[in-house]
1. How large is ³J(HN,Hα) for each residue in the stretch 78-87, as worked out from phi by the Karplus curve 6.51 cos²θ - 1.76 cosθ + 1.60 (θ = phi - 60°), to whole Hz, x for Gly and Pro?
2. Check the straight Cα-Cα distances from Lys110 and name the lysines below 18 Å, setting aside those fewer than 8 residues away within the same chain.
3. Specify the angular offset, from 0 to 90 degrees and rounded to the nearest 10, of the alpha carbon long axis of helix 399-409 from the longest principal axis of the alpha carbons in the chain.
4. May I ask for the angle, rounded to the nearest 10°, between helix 110-123 and the longest principal axis of the chain, with both axes built from Cα atoms and the value confined to 0 to 90°?
5. Between Lys423 and Asn127, take the C-beta separation as r, use R0 = 51 Å, and let me know the FRET efficiency to the nearest 0.05.
6. With unit charges on the beta carbons (Lys and Arg positive, Asp and Glu negative) and the dipole taken about the Cα centre of the chain, which residue among Leu209, Leu119, Ala70 sits farthest to the positive side?
7. Using only Cα atoms, tell me the angle between helix 276-285 and the longest principal axis of the chain; keep it within 0 to 90° and round to the nearest 10.
8. Near the amide H of Leu235, under 5 Å away, which other amide H atoms are found, from residues 5 or more places off or on another chain, if H is placed in the peptide plane?
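Nothing in this text is a laboratory measurement; each read-out follows from the coordinates by a stated rule. Quantities reported herein were computed from a predicted structural model and do not represent experimental measurements. Here Cβ is always computed from backbone atoms with ideal geometry, including for glycine, and neighbour counts include all displayed protein chains.
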Amino acid sequence: MFTKHIHFIGIGGIGMSALARWCKAHGWRVTGSDAELSPITAALRREGIRIARLPKGTALVVRSKAIPPAHEELRAARKNGIPVLSYPELLGQITTASATTIAVAGTHGKSTTTALIALMLTAGGKNPTVIIGTLLREFRNSNFRAGSDNVLVVEADEYGRAFLHYSTSVAVITNVDREPLDIYPSLRDAQHAFLQFLGRVRHGGTLVLNRDNAPLRALAAHVRKLAAAHKCKILWYSLKSPIAREVRRAIRIPGMHNISNAVAAMAAARALGVPKKTALRALGKYRGAWRRMEYRGSVKWKVASEKTESSLITHHSSLRTLVFDDYAHHPTEIKATLAAFREKFPRSPLICVFQPHQALRLQKLFSDFVTAFKGADALMLLPTYHVAGRDRINPRFTAKTLTAAIQRKYPKKPVLYVANPKKIKSAVSQLITYHLSLITPHRSAVLAMMGAGNIVRYTDTLLRSNRE
């Protein structure tokens, strides 16, 4: 019989749904609401979590960082005297209660690194509980693994300085970048926040840090002082370290950034007593996560070949296109992901469909976005996905003006602006038809659907309308 009832407002979020699953595994009666139903809310329903507005008998409300203070359910909770916690506040309490907490932070690469650490610890018999910001096949397509209460692995989000709520035994930082810009206007602001995150490490803990990241390396003197005060061990990792060579041989996912993530995971796992061979075996079995170069299916396009001197008939054949979904939305991530696609498919034309995420990011990093797509053979841009409550729209910095800037920078590259995302299919068909010198009917192409907004919906529509 349940004695505790917890309600999540914004339960469809990737972090909130993981936390809801943790609560259910620990005996709470869990309900939740969200503005939109999604595959995540459908999965929660199948697991016995009811999706509904604030029910009677709720003992505690947890709100997503995206929920505004004036939200009707929040107002109702306060009116009825129901305590309200934010996502990081509740997760912070959970990290404090765990005997050993491994928290993975970083502007880029958090999810992959968290996943790898979790899998290495599992292979090493540590039986971790895991709360992560992606879905893993190894966790039955979930963002949560129920394990021991003594070992907890969490993805530590920097947005809103959420990670400053977490108490950690092992603190991992993959890199520091100027992002998100509405929280960290300057790189110095971001560096300061990550240094504060390291200050949350417990006495005698371990810091795992990326020596290859210049903004993080610049904090070395501060890190040494902090480590001395907390009597912590510092483990700097690098692509130049000896273990990186073994990681390169073992890893099955492409990209130098993923090798770096794997080296970080190896350092953390080894610090927690996982044998090197065990960790490398776990790495070799990893096939990637949700929306990280995720293969979604293939599509065939009818392509008209050019008329030849010996034939007045235009011949039609098919071009097979492999469709992938990726979360990359920052110039650094875009460059790394396109390089990884090129590594995996060196002879296939690479078409990128990108949906910018957040107007402020596009404005502040506009020149970086212009050069970020150099690795793509062709590019289509969709209108910017605007984030409610976080966006200030500037007409000088839009997906359309970005398209024009990229066309000026790379005049030979096919670059299209698609004002109506529902017309992606016809836009890809147009691109293939008019650029046969780039994409021929005799080889397959790669279509990378990229962005942090709702582009996955258009990927779904594309595949449904033209699946093999």
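1. Residue by residue, the stretch 78-87 yields 5, 4, 8, x, 7, x, 10, 10, 7, 3 Hz.
2. Result set, ordered by chain and number: Lys335.
3. It is inclined by approximately 60 degrees.
4. Computed tilt is about 60 degrees.
5. 0.55
6. Most positive-ward Cα: Leu119.
7. The angle comes out at about 40 degrees.
8. Leu207, Val208, Leu209
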